[in-house]
Amino acid sequence: MADDAGEGTPISLEDVLHHGQLPVEPGGTDLGDGVRLSPGHSHVENAQVTAFEHKIYRDDVHIGSVDYDACHACRCVMLGEIGLVDNEQRRGIGTRVLAQLRTELPSYRWFITPEKTSSRPFWARIRATYPGEYLLGAREHLGCWHLLF
């Protein structure tokens, strides 16, 4: 069995069963309250687009993840999903994650894929904080053909 990133040192089934989870990715960004955003993994999709994935931890327990594609030519981001386990939702973690990601890609425009019904209040709050951002990534809003696949 490989680690949760799909590469690196093999992990025994005994370790997973004994510890109850896969090993934690070291490093990352402290988001406060014991929450940390992993350094993330990325891969180049094409000459303009890089795909990113970060894991979210609380006290070294994996509680969620976020993935997105960034077009460096058009300076826009399509957020795939930001997901947290149920008991970690509505605690400000998603807001802190997005704020951190915005510091890593300053002056990029942010768009989202279709939102889940349960997350609509979250996106309404985020859109109020960042007017004109986090719109559904439809062609008329996006203005970037590199991210449309």
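Exactly one residue among Arg96, Arg102 is farther than 17 Å from Ser65 by Cβ and not hydrophobic (A, V, I, L, M, F, W, C), and that residue is Arg102. Summed over the range 114-136, the residues that are modelled with pLDDT under 90 and within 16 Å of the chain's Cα centre (by Cα) give a count of 4. Applying the selection to the range 65-111, what residues are small (Gly, Ala, Ser) and on the phi < 0 side of the Ramachandran plot? Answer for the range 65-111, where residues must be small (Gly, Ala, Ser) and on the phi < 0 side of the Ramachandran plot: Ser65, Ala70, Ala73, Gly80, Gly83, Gly94, Ala99. The residue that is surrounded by the most Cβ atoms within 10 Å (Cβ to Cβ), counting only those in the range 44-72 that are touching a Ser or Thr at 6+ places or on another chain (Cβ under 7 Å) and without any contact (Cβ under 8 Å) to a residue 24 or more places away in the chain, is Phe52. Residues in the range 73-99 that are within 15 Å of Tyr130 (Cα to Cα) and surrounded by fewer than 16 Cβ atoms within 10 Å (Cβ to Cβ): Thr95, Ala99. Every condition in (1) closer than 20 Å to Glu25 by Cα; (2) at pLDDT 90 or above; (3) surrounded by 15 or more Cβ atoms within 10 Å (Cβ to Cβ) is met by Gly40 except one, and the failing one is (2). Evaluate the following for Ser118: is it at negative phi, in contact with a strand residue (DSSP E or B) (Cβ under 8 Å, 6 or more places away or on another chain) and among the polar types (S, T, N, Q)? No, not satisfied.
The values are calculated or read from the model by the stated rules, or taken from the named source; none is laboratory data. Model, not experiment: these values are computed from the prediction. All Cβ positions, even for glycine, are placed from backbone atoms using ideal geometry, and neighbour counts span all protein chains on display.
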